[in-house]
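Peer 1: First, the structure itself, so that you have it in front of you.
FYI, it's all coordinate maths here, none of it is from the lab. Predicted, not measured: the structure shown is a model, and the values here were computed from it. Using ideal geometry, Cβ is built from the backbone for each residue, glycine included, and neighbour counts are taken over all protein chains shown.
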Amino acid sequence: MTAPTGHECHSIHICEMLERLGLELGCGQLLGLSYATALHRCEDCPAEQACRDWLATKPTSTVLAPRFCPNADIFLEFQADQFGPRRQN
């Protein structure tokens with residue numbers, strides 16, 4: 001098994017973060033523009049080491065992404081879409 005490249009490493013981080021937040025990768029919105037934005041933010045994140053440390057030390061389930069995460073806002077939107085009540089028109 002080879003070591004992950006920079007892109008794969010960040011993809012692992014975003015996948016782990018989504019899992020910790022209880023978000024399903026198969027959810028429709030996660031495959032759209034918001035997810036693409038989140039992935040690019042993750043790839044360019046200056047807090048990679050802080051993210052690795054946070055993922056290594058935090059419980060397997062959490063409600064909010066850490067403050068240093070540039071995707072905290074997107075993850076919160078995903079949570080609202082996935083878990084929030086749906087309005088009927």
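Peer 1: Label points 7 Å out from Cα along the Cβ direction at ILE12 and ALA72: separation in nm?
Peer 2: 2.5 nm
Peer 1: Right, here's the next one. Run the simple label-point estimate for SER61 and GLN49 please: 7 Å along Cα→C-beta, distance reported in nm.
Peer 2: Each label point lies 7 Å from its Cα, and together they span 3.3 nm.
Peer 1: Sort 54-64, 72-82, 12-22 for me by packing, meaning the mean count of neighbouring Cβ atoms within 10 Å per residue, highest on top.
Peer 2: In decreasing order of mean packing, 54-64, 72-82, 12-22 become 12-22, 72-82, 54-64.
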